[in-house]
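One structure is given here, and the rest of the page talks about it.
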Amino acid sequence: MAKQPELNLVQFIDEYGTEEKCLDHLFKHKWPTGYVCEKCGSVEYYQVKTRGTYECKHCHYQASAISNTVMHKTHTKLTKWFLAIYLISKDKRGISALSLSKQIGVSYPTAWLTVHKIREAMLQRDKEYQLSNFVEMDDAFFGASGGKRGRGTCKAKVLVQLSVTEEGKPEYAKMTVVDNIDSATINTTAQENIKIGSAIKSDDYKSYKGLKRVGYEHESVNMDEVGHDNDLKWLHIIISNSKSFILGTYHGLDKMHLQKYLNEFCYRFNRRFFEAELFDRLLLACTEANTIIYKDLIIRKPKIGNKKKTRPLLN
């Protein structure tokens, strides 16, 4: 299958350079076969341009093309939303809220909320999938250098899972910020992110040994023994790359938002072979994701163990 040509900036502006073009895209996504009233089923409507809504001619119910998207109830122009999604999709290093605010012409608080909403779309997209078959698993620690090292550190603790091919080549990754590296947390995180029955390889830390009891094949390796230098190699490379990704762009990262930046890293990594399509994929994710508000970003903690129907990676 031929690779999709990458959308350059000139092509992007031609495709999405006006409010009408952006709204038309959202309309076609929401009603792919044509408008249908959500209340009475009528297919006749008026467009209320002053409100950006569509009104049913029969029952006068008004619906918005941005409802049930990350742009729900936004006061920011759609052209700026689409440009933000484009810029985020094109920068492999990630883009800071300060840089985004300058490039799309909005205040820093608006840019900060916008980029977090887009990261939420990344999270919601990848939460639909589970890793499977052969999976490597380890824990990592994120935070400023210094202080106590190892599993007793006060740095942020992260469980990292990487699916690999039979030849050991990396496929897809998931990262979860956790409070503890204990058996219960490891088991719960595995059940959330890894298909039951998969073969998991980890180091020989005792808390990983409970994985067999919850339905996984498990192999532990002593990383200090001769001959195990290449075990979990790609997993450790990805951990190192994720730290570089975060420190290189997001200086002074608050521990509270670490999960969101890890979600962005994994979203990009999981689609590294589809860079030309990343804008279209991210735009689709944003049109299908529920939005979040500022209060969610301040008080909500990541939920571990939320059961839902999943499908194998990836689209």
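When you check LYS73 against the structure, is it within 30 Å of LYS201 (Cα to Cα), at pLDDT below 90 and not small (Gly, Ala, Ser), yes or no? When the stated conditions are applied, LYS73 does not pass them.
Might you check whether a residue that is exposed (fewer than 15 other Cβ atoms within 10 Å of the Cβ) and touching a Cys at 6+ places or on another chain (Cβ under 8 Å) occurs anywhere in region 50-58? Checking region 50-58: at least one residue is exposed (fewer than 15 other Cβ atoms within 10 Å of the Cβ) and touching a Cys at 6+ places or on another chain (Cβ under 8 Å). From HIS29, HIS75, HIS25, which residue is part of a helix (DSSP H, G or I), of a type outside the set (S, T, N, Q) and surrounded by fewer than 16 Cβ atoms within 10 Å (Cβ to Cβ)? So the residue among HIS29, HIS75, HIS25 that is part of a helix (DSSP H, G or I), of a type outside the set (S, T, N, Q) and surrounded by fewer than 16 Cβ atoms within 10 Å (Cβ to Cβ) is HIS29. Just one of (1) at positive phi; (2) touching a strand residue (DSSP E or B) at 6+ places or on another chain (Cβ under 7 Å); (3) of a type in the set (S, T, N, Q) fails for GLN47. It is (1). Are there any pairs, at least 6 apart or on different chains, whose C-beta atoms fall under 7 Å, with the first in region 239-264 and hydrophobic (A, V, I, L, M, F, W, C) and the second modelled with pLDDT under 75, and if so, which? Between residues of region 239-264 that are hydrophobic (A, V, I, L, M, F, W, C) and residues that are modelled with pLDDT under 75, the close pairs are ILE246/LEU253.
For region 185-221, give me the residue count where each residue is among the basic types (Lys, Arg), over 22 Å from the mean Cα position of the chain (by Cα) and under 12 Å from GLN130 (Cβ atoms). Qualifying residue count, region 185-221: 0. Residues that are in contact with a Gly (Cβ under 7 Å, 6 or more places away or on another chain) and at pLDDT below 85 were ranked within region 141-163; the one that is surrounded by the most Cβ atoms within 10 Å (Cβ to Cβ) is LYS155. All of (1) among the small types (Gly, Ala, Ser); (2) buried (at least 18 other Cβ atoms within 10 Å of the Cβ); (3) under 13 Å from ASP138 (Cα atoms) hold for SER198 with one exception: (3). Looking at region 164-204, which of the residues that are of a type in the set (A, V, I, L, M, F, W, C) and out of contact with any Phe, Trp or Tyr (no Cβ under 9 Å at 6 or more places or on another chain) is nearest to MET122 (Cα to Cα)? Restricting to residues being of a type in the set (A, V, I, L, M, F, W, C) and out of contact with any Phe, Trp or Tyr (no Cβ under 9 Å at 6 or more places or on another chain), the top hit is VAL178.
The values are calculated or read from the model by the stated rules, or taken from the named source; none is laboratory data. Every value quoted in this text rests on a predicted model; they were computed, and no experiment measured them. Backbone-built Cβ (ideal geometry, glycine too); neighbour counts: all protein chains shown.
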